[in-house]
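Some notes on the structure that comes next.
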Amino acid sequence: MIHYAEEELKSKIGNTFSPDIFDVIIVGGGLAGLTAAILLSKNDKKILLLEKKEYPFHKVCGEYISNEILPFLQSIGFDPFFYDAAKISKLRISTPAGKNIYAGLDLGGFGLSRFVLDTALYELAKKNGADILTKTKVTDIHLRNDHFEVETKDGMKHRAKLVIGSYGKRDVLDKKLHRHFVQTHTGYMGIKYHVKLNYPVDEVGLDNFENGYCGIVKIEDDKYNLCYLYKRNLKVQFKNPHELEENVLFKNPVIKNIFSQANFISEEPEAINEISFAPKKLIEEHILMCGDSAGLITPLCGNGMSMAIHAAKLLSENILESGILEKKIISIENRKQLEEEYKHAWKKHFSNRLFWGRTIQSFFGNPTLTGFALNSIHALRPLESFLIRKTHGQVV
Ligand SMILES: Cc1cc2nc3c(=O)[nH]c(=O)nc-3n(C[C@H](O)[C@H](O)[C@H](O)COP(=O)(O)OP(=O)(O)OC[C@H]3O[C@@H](n4cnc5c(N)ncnc54)[C@H](O)[C@@H]3O)c2cc1C
């Protein structure tokens, strides 16, 4: 099998069609897409990953990763502590009124920026033999007879036996595929800063405010991630995040204190809008969805990243075990069989966790309810561990 350097691959593509038929095209190189690229190319499958941005780049994310995925990451050759990830073992939650509640994290996690994490996995995928085109936005995907055609913004078409959709929370592709959730405006927005701050290195903080919550966690070097999720109140509009912070977040004195002590590395934050936690279909027109494209758990559970990586592992194993890539011609029946197996594995591991994530999130936002819920849950320790168990998985 020949693997090309990115520029070489681009020049070989010629006018419209890519010269090869790939085994799998992966659309989107976040955690789900990169993990699938690593696992499938490690098993000698011919993989093309298309990513619209260029590594390294920043992403809106709380950057706290549950340890449930640590042994798996180490098994594929990625050790976060080599990159100076912070070990996190404690949780602090504040009510909207600023009352702190402390808890231990049984499994714990680590803090590492997506800038570092995604880039390291990208390098690993390339090392394993995956072909990767960056600055390449996918605009359309069609199943033509027994193979897919994937079109990109620069007018190219690539062909593959299977397509994995790992393009994240929301994209124009969802509109093209007429996915239900894109028709609604959720009002959820996410904002992320990197800061320097005097704050415990082993503690993740989750500070609540009206219509949202804000996380703080140590990442690599001497940096901290400061990230919040806010559900827009249509009656009150803010010109920019700073105005929102002044008028809404700072009503919680703990958040006000963190922001006033923090030394902001970049003045302007990373931002995303219209985040949807609604259930999504796992398979769309035979495209195998993975990571946030398949369903997003609420960030307060702190394990969307480990779920994206775990889902990619399950899907890659299903693809390899099905033997579908060895077939000369792939029938619709062959596809449906693989899709059913993937659906079964995915539901078993994730549907309950997404349900509990949505349920817990519904308590947050209303200051009275959030304060009441947090105090009551914390007073009933077995309930607290029950909810953590329900939104987290076994070690992968
Ligand atoms: C505010 C907020 C805070 C969060 N905090 C945490 C946390 O602390 N811990 C945690 O575990 N999880 C957290 N999450 C969830 C976590 O960020 C996601 O679950 C995780 O990033 C999912 O990975 P993914 O690979 O599915 O998607 P992504 O990481 O979003 O990757 C998708 C990739 O696809 C690319 N792409 C998109 N469209 C196209 C296209 N058309 N063509 C080519 N490429 C495309 C994008 O550029 C991107 O690189 C948070 C989420 C939010 C919104």
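The values are calculated or read from the model by the stated rules, or taken from the named source; none is laboratory data. Because the structure is a prediction, the values reported are computed rather than measured. No Cβ is skipped: glycine too gets one built from the backbone with ideal geometry, and neighbour counts run over all protein chains shown. These area figures cover heavy atoms from the full protein model, side chains too; ligands, DNA and RNA do not enter into them. Shrake-Rupley method; radii C 1.70, N 1.55, O 1.52, S 1.80 Å.
Taking segment 197-251 as the range and being of a type in the set (A, V, I, L, M, F, W, C) and closer than 19 Å to Gly187 by Cβ as the test, the residues that pass are Phe209, Cys214, Cys227, Leu229, Leu234, Val236, Phe238, Leu244, Val248, Leu249. The set of residues in segment 1-55 being among the acidic types (Asp, Glu) and modelled with pLDDT under 95 consists of Glu6, Glu7, Glu8, Asp20.
If you check Leu300, Leu314 for being free of Cβ contacts under 8 Å to residues at least 60 places away in the same chain, within 16 Å of the ligand (Cβ to nearest atom) and touching a helix residue (DSSP H, G or I) at 6+ places or on another chain (Cβ under 8 Å), only one passes: Leu314. Out of Ala294, Ala271, one residue alone is touching a residue at least 40 places away in the same chain (Cβ under 8 Å), assigned by TED's automatic domain parsing to the domain that holds Ala32 and within 11 Å of the ligand (Cβ to nearest atom). It is Ala294.
Counted as qualifying within segment 31-144 are the strands (runs of 3 or more DSSP E) with 1 or more residues that are without any contact (Cβ under 8 Å) to a residue 24 or more places away in the chain and either in contact with a strand residue (DSSP E or B) (Cβ under 9 Å, 6 or more places away or on another chain) or open to solvent by 10 Å² or more (accessible area, probe 1.4 Å) (or both), namely 100-111, 138-144. A residue that is part of a helix (DSSP H, G or I), more than 10 Å from the ligand (Cβ to nearest atom) and free of Cβ contacts under 8 Å to residues at least 40 places away in the same chain occurs somewhere in segment 183-193.
Looking across segment 33-68 at every residue that is more than 13 Å from Lys126 (Cα to Cα) and among the hydroxyl-bearing types (Ser, Thr, Tyr), the one that is nearest to the ligand (Cβ to nearest atom) is identified as Tyr64.
Do you know which residues across segment 328-340 are out of contact with any His (no Cβ under 9 Å at 6 or more places or on another chain) and open to solvent by less than 80 Å² (accessible area, probe 1.4 Å)? Within segment 328-340, Ser331, Asn334, Leu338 meet the criteria.
Residues in segment 212-233 that are open to solvent by 20 Å² or more (accessible area, probe 1.4 Å) and over 13 Å from His194 (Cα atoms) were compared, and the one that is nearest to the ligand (Cβ to nearest atom) is Lys231.
Could you list, in sequence order, the residues of segment 264-305 that are modelled with pLDDT of 95 or more, open to solvent by less than 50 Å² (accessible area, probe 1.4 Å) and charged (D, E, K, R)? Residues satisfying the conditions are Glu284, Asp292. Examine segment 76-86 for a residue that is of a type outside the set (Ser, Thr, Tyr) and in contact with a Gly (Cβ under 8 Å, 6 or more places away or on another chain), and state whether such a residue exists. Yes, segment 76-86 contains a residue that is of a type outside the set (Ser, Thr, Tyr) and in contact with a Gly (Cβ under 8 Å, 6 or more places away or on another chain). Count of segment 153-168 residues, restricted to those that are under 19 Å from the mean Cα position of the chain (by Cα) and modelled with pLDDT under 95, is 0.
Taken over segment 114-150, the residue count meeting the criterion of being out of contact with any helix residue (DSSP H, G or I) (no Cβ under 9 Å at 6 or more places or on another chain) and not charged (D, E, K, R) is 7.
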